[in-house]
Amino acid sequence: MRSLKLLLSILVSVAVLSACGNTDESDTGNGEENNTDEKWEEIQDAGEIVVGTAGTLFPASYYEGEEGNQDQLTGYNVEVARAIGDRLGLETNFEIMGFDSMLTALDTGRVDMIQAGPREESRGKFGFSDPVKYSYSTMVVRSDDHSGIETLEDIEGKKAGGAATTVYSDIAREFGAEVATYGNAPNEAYLRDVNNGRTDFVINDYYLQSLGLTEFPEFDIEIHPDLKFHSTTNNVVVDKEADVFLENVNEAIADMKEDGTLTEISEEFFEGKDVSKEPEEDIVEIEGIE
């Protein structure tokens, strides 16, 4: 009788321990059972990825025709997002918003992914894919006198055009410039204001600025010939807990690099240049700016 009671006690203990073990595994496991799988399952159930994008910035995200018509929305960022969706077997739909709203929209679940460069403050809050674009920063200035700027130190006391929360505006402030912030403005607004003297310069991505200038030959502005600084990447950004989603995105990006899809999309929008590879230029890095 005593042996039977002992055996029953052991069996109960084993059952309890097994139940605890199963509970722990379902809660944490390999880190892909709670929010991670939940987010990926949510996207799969919806059959679509909702992407936050500007819709105003040539050649990254802009309308070729009627604004608001997603069939007319295109650009490097847009087509990369669509290609990722295709490889994951999902539709890709877009929400148009300014850059300053994108991380908030991602954080609240309004969108599933955006494209942006990693910053120190955002690395701990969001998941970043492998880069889909490499670049560096340059400065648009007036052609006649470079807006009085020959070095980065010369921008102290001058006025920059920019969005409130970008690294480009942080660089301007770091060197003592005042930043005139814009909402979800098109390239024309930024460039026209440098041309007419409302601002003195705009810091932004080299590829975006070089192509943006070709759209407005009537403006007396240019990319500063001597200033190349702050290497950047553009990455797909997702919810911090969406590990499975991020893993699938990274697999899609790796495949697109290997089979040349990223190169083809880049060459279409950047006049034959391949932004999916690191530039070979000698870039000046800025201490304290990520």
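The values are calculated or read from the model by the stated rules, or taken from the named source; none is laboratory data. Just so it is clear, the model here is predicted, and its values are computed rather than measured. Note: ideal-geometry Cβ built from the backbone for every residue, glycine included; neighbour counts use all protein chains shown. These accessible areas exclude ligands, DNA and RNA; they are computed on the full protein's heavy atoms, side chains included. Shrake-Rupley method; radii C 1.70, N 1.55, O 1.52, S 1.80 Å.
The range 43-104 holds strands (runs of 3 or more DSSP E) entirely within its bounds, and those carrying 1 or more residues that are over 21 Å from Phe216 (Cβ atoms), touching a residue at least 60 places away in the same chain (Cβ under 8 Å) and open to solvent by less than 60 Å² (accessible area, probe 1.4 Å) map to 48-53. Say whether the condition of being in contact (Cβ under 8 Å) with a residue 12 or more places away in the chain, among the β-branched types (Val, Ile, Thr) and closer than 28 Å to Tyr63 by Cα is met by at least one residue in the range 172-185. For the range 172-185, residues in contact (Cβ under 8 Å) with a residue 12 or more places away in the chain, among the β-branched types (Val, Ile, Thr) and closer than 28 Å to Tyr63 by Cα: present. Note on the range 105-151: residues that are crowded, with 21+ Cβ neighbours inside 10 Å, among the polar types (S, T, N, Q) and over 13 Å from the mean Cα position of the chain (by Cα) amount to 3.
Reported count of residues in the range 198-215, each being open to solvent by less than 40 Å² (accessible area, probe 1.4 Å) and either out of contact with any helix residue (DSSP H, G or I) (no Cβ under 6 Å at 6 or more places or on another chain) or modelled with pLDDT under 95 (or both), is 8. Just one of the listed residues (Asp220, Asp226) is over 18 Å from Tyr136 (Cα atoms), open to solvent by 20 Å² or more (accessible area, probe 1.4 Å) and either touching a helix residue (DSSP H, G or I) at 6+ places or on another chain (Cβ under 7 Å) or at pLDDT 95 or above (or both), namely Asp220.
Meeting the requirement of 3 or more residues that are closer than 26 Å to Glu267 by Cα, the helices (runs of 4 or more DSSP H) wholly within the range 124-232 are 187-196, 206-214.
If you go through the range 79-97 and keep only what is out of contact with any strand residue (DSSP E or B) (no Cβ under 6 Å at 6 or more places or on another chain) and closer than 15 Å to Tyr63 by Cα, you end up with Glu79, Ile96. Here the condition is being assigned to a loop (DSSP other than H, G, I, E, B) and either of a type outside the set (Ser, Thr, Tyr) or open to solvent by less than 60 Å² (accessible area, probe 1.4 Å) (or both); of Glu271, Glu267, it holds for Glu271 alone.
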